[in-house]
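The values are calculated or read from the model by the stated rules, or taken from the named source; none is laboratory data. These figures come from a predicted structure and were not determined experimentally. Ideal geometry is used to build each Cβ from the backbone, glycine not excepted, and the neighbour counts take in all protein chains shown.
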Amino acid sequence: MPKTPFQFYLEVFMQYLLSKDAINDSDSPNCFLGLIEYKIRYEWSSIKDVYYSSILKCMNFIADNQEYFDADIYIYGSFDNKVKEIKELVKNMH
């Protein structure tokens, strides 16, 4: 998907994750983190412009609120650890 529409849909996805509609939706934050990791590894230019302004905020919310999403750590792993790994990826890109 081209960068502009991708960023549009990514923003909508993040709005959802930060909303009350995402309570108990364990799959969405897990998919979001996987998507962001993929984009950082293989298509950094498609998210670089919005990483610090919005993606980071959403990732921090996910990391701090695993129970909010009812995401069992034994099934999904630690969102906090996943976010730390993603941040380390970005740090190592510079």
(1) of a type outside the set (S, T, N, Q); (2) under 22 Å from residue 4 (Cβ atoms); (3) buried (at least 17 other Cβ atoms within 10 Å of the Cβ) all hold for residue 71 apart from (2)
How many residues does the range 9-29 contain that are in a helix (DSSP H, G or I) and small (Gly, Ala, Ser)?
2
With the requirement that a residue be in contact (Cβ under 8 Å) with a residue 24 or more places away in the chain and part of a helix (DSSP H, G or I), what does the range 42-55 give you?
44, 45, 46, 49, 50, 51, 54, 55
Here are 32, 69, 6: which of them is part of a helix (DSSP H, G or I) and modelled with pLDDT of 95 or more?
32
Since residue 39 meets every condition but one in (1) free of Cβ contacts under 8 Å to residues at least 40 places away in the same chain; (2) exposed (fewer than 13 other Cβ atoms within 10 Å of the Cβ), which condition does it not meet?
(2)
Quick one: residue 15 ticks every box in (1) touching a Lys or Arg at 6+ places or on another chain (Cβ under 8 Å); (2) surrounded by fewer than 17 Cβ atoms within 10 Å (Cβ to Cβ); (3) among the polar types (S, T, N, Q) bar one, so which box is it?
(1)
Residue hits (the range 1-38; among the charged types (D, E, K, R) and within 15 Å of residue 57 (Cβ to Cβ)) are 11
